[in-house]
1. Pull up all non-local amide H partners of Gly21: gap of 5 or more, or a different chain, and H-to-H distance under 5 Å with H placed in the peptide plane.
2. Could you compute how fast region 84-217 diffuses translationally, taking Rh as the Kirkwood radius over C-alpha pairs and applying Stokes-Einstein at 37 °C with viscosity 0.692 mPa s? Give it in µm² per second.
3. Could you run the Karplus curve 6.51 cos²θ - 1.76 cosθ + 1.60 with θ = phi - 60° over region 189-198 and give me ³J(HN,Hα) per residue in whole Hz, x for Gly and Pro?
4. Two decimals is fine: what's Rg over Rh for the chain, C-alpha atoms, Kirkwood radius as Rh?
5. In square angstrom, what is the accessible area per residue of the chain with a 1.4 angstrom probe?
6. Need the C-alpha centroid separation for region 115-157 versus region 162-213, integer Å.
7. Based on DSSP loop calls and a cut-off of at most 16 other Cβ atoms within 10 Å, the longest stretch of the chain free of exposed GluC sites (Glu not before Pro) is what?
8. List, in order, the whole-Hz ³J(HN,Hα) value for each residue of region 19-32 obtained from phi through the Karplus relation with A = 6.51, B = -1.76, C = 1.60 and θ = phi - 60°; use x for Gly and Pro.
Amino acid sequence: MEPIEQFQKIYDESNNIVFFGGAGVSTESGIPDFRSQDGLYNQKWKYPPETIISRSFFDARPKDFYEFYREKLIIKDVKPNITHLALAQMEQKGKLKAIVTQNIDGLHQAAGSKNVFELHGSTLRNYCQKCHQFYGVDFIEESKNLPDGLPVCPKCGGLIKPDVVLYEEGLDDKCINGAVDAISSADCLIIGGTSLTVYPAAGLVRYFTGKYIVLINKTPTPSDSMADLVIHQGLGSVFGALKI
């Protein structure tokens, strides 16, 4: 049986599916990943990207942080791709119960998905660190025109921070607990577009005790051996062939 046929059979048999996804879900929308040859971490910058998107760097050099953040992490005019749309359709049919994502682009919600656990936050949400006033992504983008290039709260003068989990920051407890509950009660876990190397997020898959793990990634991962079905293809071609 071909891998897509196997995937179809697993999908048809399953009624409580959870999708766990990474950067590979959004690359077909034009958003670069982090670790591939052309990914964000292999691009030349004034400081190593891993250093720039750390909490200590944000606190010490917010101007440099925001220069990088605006150029590399705020991606304008992107649209959900076939994978995002297929997952939303699976949820509407009652088969998919939750999406657990490491992405920060909000494309799952843009496609229509409702129950999404954003482990690493979202670039679409930004908060003043002093008074907690909310600001959208456009405010962050437009603040580059201010004299120091920093998004400062007009209400209290506090520095605004993206609701994105930086290195050295912990994940949100409520989000983690929701993701664990969803994964632990699923009968099928589909893992897509992630190498499962970023912790603690990748560690959540160990809470799965259901029937099937399907792993879809263009390249092999250290976790291929734990899956019942491994498909080394782009997500779009796989979800595009699935009869939902």
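The values are calculated or read from the model by the stated rules, or taken from the named source; none is laboratory data. The structure displayed is predicted, hence computed values, not measured ones. For neighbour counting, all protein chains shown are included, and Cβ atoms are generated from backbone atoms with ideal geometry for every residue, glycine included. Areas reflect the complete protein model, heavy atoms only, side chains present, ligands, DNA and RNA absent. Shrake-Rupley method; radii C 1.70, N 1.55, O 1.52, S 1.80 Å.
1. Val100, Thr101, Gln102, Gly192
2. On the way: Rh = 16.6 Å.
The Stokes-Einstein estimate is 198 µm²/s.
3. So the Karplus estimates, Gly and Pro as x, are 10, 9, 9, x, x, 9, 8, 6, 10, 9 Hz.
4. Working: Rg = 18.7 Å, Rh = 18.9 Å.
Radius of gyration over Kirkwood radius for the chain works out to 0.99.
5. Numbers: 11700 Å² over 244 residues.
Value for the chain: 48 Å² per residue.
6. 26
7. On the way: sites that count: Glu168, Glu169.
After excluding every exposed loop site, the longest remaining stretch is 1-167.
8. Result, rounded to whole Hz: 9, 10, x, x, 4, x, 5, 9, 4, 6, 8, x, 9, x.
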